[in-house]
Amino acid sequence: MLNFIIGYLIVINIVPMILIYVDYTFNLKIKEDVLDFIYILIALFGGGIGISVTSKMFGYKRDSKTMKRWVPFIIFVQIVIIIFLLFRFDKWELT
């Protein structure tokens with residue numbers, strides 16, 4: 001189960017890296033609202049770190065409200081939930 005979670009997090013963080021790279025390189029004609037919605041969905045499913053790292057690597061959409069406010073907020077909430085679960089269930093058996 002732990003291997004599945006680690007693999008899932010790796011894949012879900014690689015997907016926004018590829019999406020941002022393709023959009024940055026080829027300048028796709030996708031509306032900003034659609035891309036922001038896609039980035040928020042990916043961040044909700046665990047890819048927020050991949051979004052923030054890749055956007056800082058490429059200097060991509062730094063002025064966007066999604067990149068400045070929502071993605072860091074989602075990452076913060078996910079970290080708080082993980083810390084809460086670790087302290088609440090400290091005797092988990094992950095096998």
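Every number here is computed from the coordinates shown, using simple stated rules; none is lab data. These figures come from a predicted structure and were not determined experimentally. Note that we place each Cβ from the backbone using ideal geometry, even for glycine, and neighbour counts take in every protein chain shown.
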I'd like to know if region 21-39 contains one or more residues that are within 10 Å of the chain's Cα centre (by Cα) and without any contact (Cβ under 8 Å) to a residue 24 or more places away in the chain.
no
Every residue in region 15-46 that is of a type in the set (V, I, T) and under 16 Å from Y60 (Cα atoms), please.
V15, I18, I20, V22, T25, I30, V34, I38, I40
So how many residues does region 46-66 have that are closer than 25 Å to I82 by Cα and either surrounded by 15 or more Cβ atoms within 10 Å (Cβ to Cβ) or in contact with a Phe, Trp or Tyr (Cβ under 6 Å, 6 or more places away or on another chain) (or both)?
10
For the subset of region 14-42 comprising residues that are in contact with a Phe, Trp or Tyr (Cβ under 7 Å, 6 or more places away or on another chain) and within 18 Å of F76 (Cβ to Cβ), which member is surrounded by the fewest Cβ atoms within 10 Å (Cβ to Cβ)?
I40
